[in-house]
Every structure is written in C-alpha cells, then in structure tokens.
Amino acid sequence: MEKEFSMRSLMILSIAALCCLAFTAQAAEVRYRLTDANTKIEFTGTKPGGKHDGGFKRVSGVIVLADGMEPQVDVEIDCGSLYSDNLVLTWHLKGADFFSVKKHPKAKFISTSIRQAEAGYVVTGNLTFLGVTMPVSFPATMTGGEMISLRGKCIINRNDFGMTYGKDKIHDNVEVRFDVNAAR
C-alpha cells in the first residue's frame with residue numbers, strides 16, 4: 001500500500017511540475033497586437049519624371065517576444081484598404097493590373113528570422129502578395145518594454161509578385177515603409 005501511495009504521489013507531483021513548467025513558459029511570452037491605430041504600412045512607386053505615395057489603412061497582426069527565442073512578426077494586410085495620393089490611381093491599383101483585391105484580398109508577412117546587426121536588426125521573412133510568396137530581408141529598428149516600436153523599409157520588385165503592368169512606364173522597384181508602435 002505504501003509503495004502504491006508513493007508511486008501515486010510521484011505521478012501527481014510530476015504532473016503538477018509539468019503544469020507549472022507549461023504555465024511558466026506561457027508567462028514568458030509577450031504578445032503585442034498590431035492594429036490600424038498603431039501600424040502604418042506605406043509605399044512609394046516611381047516612374048520617369050515622378051512618383052506616387054500610398055499605403056494600407058487596415059492592418060492586423062502580432063509581434064511575439066519570448067524568453068530564449070528571437071522575436072516573431074506576423075502581419076496581415078487588407079489590400080482593399082489600399083489608398084494613394086491619386087483617387088484614379090487608387091482604383092487602378094486595386095484592379096487586376098496590380099493588386100487584384102477581389103481575387104487576392106489579403107497580403108501577409110511572416111518573419112523567419114530577426115537578428116541583431118550593427119545598427120539595429122535585420123528582419124527576414126516571407127511576403128505574400130497576389131498568392132505569390134517571396135523571401136524579403138531588410139534593416140529595422142526595434143525597441144521594447146510596455147510598448148514595442150518597430151520601424152524599417154525595404155525595396156521590393158513588383159514583378160516578383162506578378163505586377164507587370166506598365167513595364168515601360170513604371171519602375172519595377174517599390175519602396176515599402178512600416179512603422180509599428182504596439183502595446184502589450
């Protein structure tokens with residue numbers, strides 16, 4: 001009976017210890033929500049003799065910080081919220097020649113690596129537009145605490161995602177800028 005009691009006690013203590021470990025691991029993870037109010041994603045496209053600025057009004061996602069792991073970023077962009085500095089251009093960008101928002105309403109970025117560099121961080125991940133996923137890497141600054149700030153920019157080639165319209169009128173490279181200030 002004593003042996004049975006001690007085995008049973010050992011089993012209960014083991015389960016309790018595992019639960020404590022699981023709780024501790026979860027408590028060490030901090031999630032910062034990205035919302036329309038705290039996240040800006042903007043872009044600049046250029047053409048001979050000019051440029052156009054735009055961005056996306058609806059963005060969601062999360063930045064996850066966990067002890068012993070590199071940060072993770074997961075962002076979803078509502079392509080229907082696209083805007084530009086020209087109303088006619090905005091409608092054209094939403095159409096089949098560019099973002100094709102009816103067929104591809106969402107774009108996504110998921111980080112695969114965030115490593116410290118000399119001046120800030122280098123963020124690497126997969127960017128999906130128009131159903132095409134491409135690896136991207138760019139410098140960024142990040143500060144943490146109760147609020148996390150993540151800022152950076154990258155150059156993407158629109159042709160990589162199938163946006164080939166106006167090849168002789170519009171430059172291929174587009175600058176994308178982001179600014180996140182998210183609270184826990």
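Computed values, structure above
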item	result
Single match in VAL122, VAL180 (criterion: at pLDDT 95 or above, surrounded by 12 or more Cβ atoms within 10 Å (Cβ to Cβ), part of a strand (DSSP E or B) and not small (Gly, Ala, Ser))	VAL122
Residue within region 126-148 that is over 21 Å from the mean Cα position of the chain (by Cα) and either exposed (fewer than 14 other Cβ atoms within 10 Å of the Cβ) or among the β-branched types (Val, Ile, Thr) (or both) present	no
Residue selected from region 20-73 under the condition in contact with a Leu (Cβ under 9 Å, 6 or more places away or on another chain) and of a type in the set (Lys, Arg), by the criterion modelled with the highest pLDDT	LYS57
Residue in region 125-135 that is modelled with pLDDT of 95 or more, small (Gly, Ala, Ser) and not in a strand (DSSP E or B) present	yes
Within region 104-119, considering residues that are touching a residue at least 12 places away in the same chain (Cβ under 8 Å) and in a loop (DSSP other than H, G, I, E, B), the one surrounded by the most Cβ atoms within 10 Å (Cβ to Cβ)	HIS104
Selected residue (criterion: nearest to GLY45 (Cα to Cα)) from residues of region 79-119 that are out of contact with any Asp or Glu (no Cβ under 8 Å at 6 or more places or on another chain) and modelled with pLDDT under 95	ALA119
Subset tally (residues that are part of a strand (DSSP E or B) and surrounded by 14 or more Cβ atoms within 10 Å (Cβ to Cβ)) for region 34-47	9
Check on VAL174, more than 23 Å from ASP36 (Cα to Cα), of a type in the set (Val, Ile, Thr) and not in a loop (DSSP other than H, G, I, E, B)	no
Unique residue being in contact with a Pro (Cβ under 6 Å, 6 or more places away or on another chain) and over 19 Å from ALA183 (Cβ atoms) when the list is CYS154, CYS79	CYS79
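The values are calculated or read from the model by the stated rules, or taken from the named source; none is laboratory data. Everything numeric in this text was worked out from a predicted model, so none of it was measured. Here the Cβ is made from the backbone with ideal geometry for all residues, glycine too, and neighbour counts use every protein chain on show.
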